[in-house]
Amino acid sequence: MKKVLVASAMIASASALPAAAADISRPVYKAPAPIIEPFNPWMLRVRALGVVTRNSGSVDQVPGSDLKTSDTVVPELDISYFFTPNIAAELILGVTRHHVTGTGAPATAGLDVGKAWLLPPTLTLQYHFTNFGAFKPYVGGGVNYTWFFDQSAGNVPNAAGVVINSSHLHDSFGGVLQVGFDYMIDRHWGVNFDVKKLFLRPSWDGVSNVGPLTGKVNLDPWLIGAGLTYKF
């Protein structure tokens, strides 16, 4: 009986060997490793930008004078560079045209001070929050330097008979505060909404039919922009 049991065990072991060999030789397939895209630091935005000024200022020689500046909407280009996924620097480029007029005292009420083009490159350092999925808010602060060019005087008398014959706004530095967000539709494309507050108060001088004039134009504009984002 013992011999029969041993023989049966040997036969069973021998029959299992081909199956085990088949299992050993069967190829093992592994899932491919995920493709990790290299980090690209560049981002571009194109926005429609509303420039809303403070409407304040003064002419030194006229007590009670005030100045106001027209608002405008312009296209704007934004170039951003990410040092890390959270820290970025942003440079905005665009030009705007504004018209300065007088209010307040009779000598400046209705006074056509003049028109000027502005080139206000603005550089901010930003912190981007990355833990909200496709919604990516950010805050920032920085500096602005505004060049005034192609300036022209009003050359039109107001009710008091004052005429500005030459007008000159002086280039000026200013601080900037910023808040905004990108909402990414896919890895590259998104939409953007952005608000900046510039603290910009250039000095002004001009020549009128009543003599030289000086003053300050308190622009302090809000820059309110919306547009498209492209992340490289």
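Some points to look at:
- Restricting attention to region 42-231, lysine pairs at least eight places apart or on different chains and with alpha-carbon atoms under 25 angstrom apart total 14.
- With all pairs of separate Cα atoms included, region 76-156 yields a Kirkwood hydrodynamic radius of 15.6 Å.
- Debye log10 I(q)/I(0) at q = 0.19, 0.23 Å⁻¹ for region 140-202, Cα point scatterers: -0.84, -0.94
- Size descriptor for region 98-140, Kirkwood hydrodynamic radius: 14.6 Å (Cα pairs only, one decimal).
- Label point of A159 set 7 angstrom out along Cα-Cβ; within region 186-218, no amide nitrogen lies under 11 Å from it.
- For the pair region 81-139 / region 150-206, the C-alpha centres are spaced 7 Å from each other.
- Dividing the C-alpha radius of gyration of region 42-231 by 2.2 N^0.38 Å, with N its residue count, gives 1.20.
- The residues H170, H128, H99, when put in order of fewest to most other Cβ atoms within 10 Å, stand as H170, H99, H128.
- Each principal axis of the Cα atoms in region 34-104 has its own extent, and those three values, largest first, are 70, 20, 14 angstrom.
Bear in mind that the values in this text are calculations on the coordinates, not laboratory data. Note that the coordinates shown come from a computational prediction; the quantities given were computed from them, not determined experimentally. Cβ sites come from the backbone with ideal geometry, for glycine too, and all protein chains shown count toward neighbours.
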